[in-house]
Amino acid sequence: MRAVSVEEAVAMIPAGASIMVGGFMGVGTPERLLDELVRQKKSGLTLISNDAATPGKGVGKLFDAALVSRLSATHIGLNPKAQQQMLANQIAVDLIPQGTFVERIRAGGCGLGGVLTPTGVGTLVAEGKQQIEVDGKTFLLETAMRAQFALVHAFLADYLGNLAYALTSRNFNPVMAMAADTVIVTAENIVPVGVIAPDHVVTPAPLVDYLISNG
Amino acid sequence: MRAVSVEEAVAMIPAGASIMVGGFMGVGTPERLLDELVRQKKSGLTLISNDAATPGKGVGKLFDAALVSRLSATHIGLNPKAQQQMLANQIAVDLIPQGTFVERIRAGGCGLGGVLTPTGVGTLVAEGKQQIEVDGKTFLLETAMRAQFALVHAFLADYLGNLAYALTSRNFNPVMAMAADTVIVTAENIVPVGVIAPDHVVTPAPLVDYLISNG
Amino acid sequence: MDPQIIIARRVAKELKSGDLVNLGIGIPTLVANYVPSDLKVFFQSENGLIGTGPIPEQGMAHPTLTDAGGRPISALPGASTFDSAMSFGLIRGGHVDVTVLGGLQVDAHGQLANWMIPGKMVPGMGGAMDLVSGAKRVIVAMQHAAKGKSKIVAKCNLPLTSSRPVSLVVTDMAVIGFPGGKATLQETAPGVTVAEVLAVTEAELAIPDSVPEMKL
Amino acid sequence: MDPQIIIARRVAKELKSGDLVNLGIGIPTLVANYVPSDLKVFFQSENGLIGTGPIPEQGMAHPTLTDAGGRPISALPGASTFDSAMSFGLIRGGHVDVTVLGGLQVDAHGQLANWMIPGKMVPGMGGAMDLVSGAKRVIVAMQHAAKGKSKIVAKCNLPLTSSRPVSLVVTDMAVIGFPGGKATLQETAPGVTVAEVLAVTEAELAIPDSVPEMKL
């Protein structure tokens, strides 16, 4: 793990990169990284994020600045800008059931090729997907999903990069922290090693590549 | 969740039942439940457990008492009794790679039909299994595994049944606590609600059916 | 009584002590208000919490404690938090005893459409498909008709949420179950007759000999 | 120097600061003793710990802090614990930078057999198959020959651990890599000649123009 400034971190992300961003309706999102993506005008992004948040908040900022070309998400109904950009074909949107979304990312992070889920069988979601029967029950084969970068927000990060999360801001962050080539983290609090007890670490230090240092 | 005595809990388990037992080489195993299984002579068990521990310890006690008919495990090399019973065909043993073992249980607990893993491709483990290609890479389809009962050991249990685990005794316990029809828990410490902070609960209370009360 | 309150109060009767319950947005959210205080129900918010409590008092909201709509909530003693993989492991794995969801259409076989109106409303399914596929019991809480048109249809023409049928539909006019896979009128709302229900129901309904009135 | 110590010291040279490392039982366990103290390496124990430390002092062992063999260990500051699903997510997901494992046979293409001798030793593969399939680099640490018989064979006749070839084999006589999928002698142990290695190696070895001596 290396501590870097937010400018340095975002400079590593090329335009057109694929990024996973933690958070659920803007809660638990690394806002400083999103602000800097906007400032550095990183356009053409492939965004993997649960939702599109709302304008001005979380990943919503990326739609405000029209930086997203492709989006994989579970629900974008609360961001009218993202909806407009989708309906105007400015962004290609892949809508995925939330449980499938997180399992695909987990599979990507855990070296699995995919999972069999009952979710989506007999619906539009099943179109074009392999169906597999196990013990007489039908499942969809949903394949692993990864990104070049994961942007993760934690409550606590220690000097080594161990992470802990607060309340409902955990959501997709720990799963995404396993599923990208490069993991960049912002934390509410950077604390000495040992402040997070071993049993309370959620993301072990070796998973973190860069921690955004305090200003 | 209901608090019961260890005698009552084990009385619910019929001979011939399938049981998952947490623990790794006897660390994090619900010893009191195993002692009582032996005392009540519950024979013909289908045991799903990472290993066979050692004679006199953890699930090793079940082999001492010859109560196991079928075993799914990843490694039994440190229990000579289990090895002898396997070689004498007294127990049918299915040896499973450890990562596959835990994913199959997780799938069973999380409503997935199975997972695709690269582990075991091109080895004896692949025999009789469906192979699936994703993006040119070959995976084994490993199906979900469940049991009638999960016997789980925690460090802390609160009055509602929320559980937390200590150090390396966590291992398979939280995963098994999701993958059985009935989940029975022993805890080192039973504590009031609120002693385990929400962010430190590993197994949420609704997963626990029975907690063994203090004597 | 307000139609939404009829629905919420009737759905609340379906919950039992110890149940893990997931409430969707809209009418389902109201159900929590009508659960008797002696009933120990665990409410899950799929963004990662069991033990959701009421909206916090003024000045007490925390930015990282919200429901799935991003609104501030509180947490009850004994609450637990977890990541989204665990949250949907609970949902898809059958650990959620009851989910209560809104609906656009439910058909004669109990199939539900509630996530999309092609060309008009394409917000994404969020957690709905997993909830309907995985929860032990799925209860749809919705108005019986919208703009005079029955939402209990012969066959859904909107995209399905799941091929798995729901367990129960509770509307402002009726309770409809699906014994043997066939929509069956089980109760009527106070002051509503069986004939009135049939008049605004597109789906064919089986009518038992006795159709009691909802107890609220 | 003891053959096991030659192997452990040479393997230790392969580790870099920041690496997440998983050591198997036997010779691999010794590697931790030869990691320079300024190198910040994270050791994983697959039973659910990153940050394993040395055996605790007399009277300090805790019954719930053990390695994968069930032996008491300690944990270093900054350690973390997790369940087995996470532990093998780390392993299979390529988050373990280096795994060091013992071997029964490695063949000319780098394929490893280390978990079973049919009819004789059937203990189970434990985590070995996942480690060989998933770790970024797989290093086999073993004696070059057992009872005069080469363990570097033309083709494994024992059941394979994985179809994926290993990255490196370190023995008491040599370091063997697999550039282009072909077993290649990369270093010899102190005082051992190329001819001596070839004499006890069943597999055909490519011999580069220069084969340096191991630096220990």
Taking the condition in contact (Cβ under 8 Å) with a residue 12 or more places away in the chain and in a helix (DSSP H, G or I), does D:Leu76 pass?
-> no
Filter the stretch D:36-84 for residues that are farther than 20 Å from B:Ala52 by Cβ and of a type in the set (Val, Ile, Thr); which is surrounded by the fewest Cβ atoms within 10 Å (Cβ to Cβ)?
-> D:Ile55
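Each row is one residue, and each column tells you yes or no for (1) closer than 18 Å to C:Gly102 by Cβ; (2) among the basic types (Lys, Arg); (3) more than 18 Å from the chain's Cα centre (by Cα).
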site	(1), (2), (3)
C:Met121	yes, no, yes
C:Gly126	yes, no, no
C:Asp172	yes, no, no
C:Glu213	no, no, yes
For the stretch B:147-162, name all the residues that are touching a residue at least 60 places away in the same chain (Cβ under 8 Å) and at the interface with another protein chain (Cβ under 10 Å from one of its Cβ atoms).
-> B:His153, B:Leu160, B:Gly161
Is at least one residue of the stretch C:92-104 within 10 Å of chain A (Cβ to nearest Cβ) and at pLDDT 95 or above?
-> yes
Within the stretch D:80-109, the residues that are of a type outside the set (Asp, Glu), in contact (Cβ under 8 Å) with a residue 40 or more places away in the chain, in a loop (DSSP other than H, G, I, E, B) and on the phi < 0 side of the Ramachandran plot are D:Gly93, D:His95, D:Val96, D:Gly102, D:Gly103, D:Leu104, D:Ala108, D:His109
Does A:Thr203 qualify as being touching a Leu at 6+ places or on another chain (Cβ under 8 Å), among the hydroxyl-bearing types (Ser, Thr, Tyr) and under 20 Å from A:Val6 (Cβ atoms)?
-> yes
Taking the stretch B:1-32 only, how many residues are part of a helix (DSSP H, G or I), among the hydrophobic types (A, V, I, L, M, F, W, C) and either within 21 Å of B:Leu78 (Cα to Cα) or touching a His at 6+ places or on another chain (Cβ under 8 Å) (or both)?
-> 0
Could you please give the count of residues in the stretch A:87-99 that are out of contact with any helix residue (DSSP H, G or I) (no Cβ under 6 Å at 6 or more places or on another chain) and either in a strand (DSSP E or B) or surrounded by fewer than 24 Cβ atoms within 10 Å (Cβ to Cβ) (or both)?
-> 7
So which of C:Thr193, C:Thr188, C:Thr161, C:Thr184 is β-branched (Val, Ile, Thr) and closer than 30 Å to A:Gln98 by Cβ?
-> C:Thr161
Checked the stretch D:73-85 for anything more than 9 Å from chain B (Cβ to nearest Cβ) and more than 14 Å from A:Ile196 (Cβ to Cβ); matches are D:Ser74
Taking into account only those residues within the stretch B:60-86 that are more than 18 Å from B:Ala180 (Cα to Cα) and within 8 Å of chain D (Cβ to nearest Cβ), which is surrounded by the most Cβ atoms within 10 Å (Cβ to Cβ)?
-> B:Ile76
Is it true that B:Leu47 is assigned to a strand (DSSP E or B), more than 13 Å from chain D (Cβ to nearest Cβ), surrounded by 24 or more Cβ atoms within 10 Å (Cβ to Cβ) and within 18 Å of the chain's Cα centre (by Cα)?
-> yes
Within the stretch B:87-115, track down each residue that is closer than 28 Å to C:Gly94 by Cα and more than 11 Å from chain D (Cβ to nearest Cβ).
-> B:Gly108, B:Gly111, B:Leu112, B:Gly113, B:Gly114
Go through (1) free of Cβ contacts under 8 Å to residues at least 24 places away in the same chain; (2) assigned to a strand (DSSP E or B); (3) of a type outside the set (A, V, I, L, M, F, W, C) one by one and return the number of the condition C:Glu187 breaks.
-> (1)
Quick check: is even one residue across the stretch D:151-170 among the hydroxyl-bearing types (Ser, Thr, Tyr), touching a Lys or Arg at 6+ places or on another chain (Cβ under 7 Å), modelled with pLDDT of 95 or more and under 18 Å from D:Ile27 (Cβ atoms)?
-> yes
Output for Cβ contacts, cut-off 6 Å, separation at least six or different chains, first residue under 17 Å from D:Lys151 (Cα atoms) in the stretch D:193-216, second of a type in the set (Lys, Arg), reads D:Ala206/D:Lys182
Is it true that B:Thr168 is surrounded by 20 or more Cβ atoms within 10 Å (Cβ to Cβ), at the interface with another protein chain (Cβ under 9 Å from one of its Cβ atoms) and in contact (Cβ under 8 Å) with a residue 24 or more places away in the chain?
-> yes
Consider only pairs whose beta carbons are under 9 Å apart and that are at least six residues apart or on different chains; among these, list those whose first residue lies in the stretch C:5-30 and is closer than 12 Å to C:Gln44 by Cβ and whose second residue is among the aromatic types (Phe, Trp, Tyr).
-> C:Asp19/C:Phe42; C:Leu20/C:Phe42; C:Leu20/C:Phe43; C:Val21/C:Phe42; C:Val21/C:Phe43; C:Asn22/C:Phe43; C:Leu23/C:Phe43
Mind checking which residues of the stretch D:1-47 are among the β-branched types (Val, Ile, Thr) and assigned to a loop (DSSP other than H, G, I, E, B)?
-> D:Ile25, D:Val35, D:Val41
Subset of the stretch C:12-55 that is of a type in the set (S, T, N, Q) and away from chain B (no Cβ under 14 Å) - its residue that is farthest from A:Met25 (Cα to Cα) = C:Ser37
The condition from (1) without any contact (Cβ under 8 Å) to a residue 60 or more places away in the chain; (2) more than 10 Å from chain A (Cβ to nearest Cβ); (3) surrounded by 24 or more Cβ atoms within 10 Å (Cβ to Cβ); (4) more than 30 Å from B:Arg104 (Cβ to Cβ) that C:Gly124 misses is numbered (2)
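Residue-wise test of (1) closer than 24 Å to B:Gly136 by Cβ; (2) more than 21 Å from the chain's Cα centre (by Cα); (3) touching a residue at least 12 places away in the same chain (Cβ under 8 Å).
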residue: A:Phe63; (1), (2), (3): no, no, yes
residue: A:His75; (1), (2), (3): no, no, yes
residue: A:Pro80; (1), (2), (3): no, no, yes
residue: A:Gln85; (1), (2), (3): no, no, yes
residue: A:Pro97; (1), (2), (3): no, no, yes
residue: A:Gly113; (1), (2), (3): yes, no, yes
residue: A:Val121; (1), (2), (3): no, yes, yes
residue: A:Leu140; (1), (2), (3): yes, yes, yes
Residues in the stretch A:133-141: is at least one among the acidic types (Asp, Glu), more than 11 Å from chain C (Cβ to nearest Cβ) and buried (at least 24 other Cβ atoms within 10 Å of the Cβ)?
-> no
Unmet criterion (only one of (1) surrounded by 16 or more Cβ atoms within 10 Å (Cβ to Cβ); (2) more than 11 Å from chain B (Cβ to nearest Cβ); (3) assigned to a loop (DSSP other than H, G, I, E, B)) for D:Asn157 = (1)
Name the pairs whose Cβ atoms lie under 7 Å apart, with the first residue in the stretch A:188-200 and more than 9 Å from chain D (Cβ to nearest Cβ), the second of a type outside the set (A, V, I, L, M) and surrounded by fewer than 15 Cβ atoms within 10 Å (Cβ to Cβ), and 6 or more positions between them or separate chains?
-> A:Ile190/A:Asn214
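The values are calculated or read from the model by the stated rules, or taken from the named source; none is laboratory data. Not measured: the values here are computed from a predicted model. Ideal geometry is used to build each Cβ from the backbone, glycine not excepted, and the neighbour counts take in all protein chains shown.
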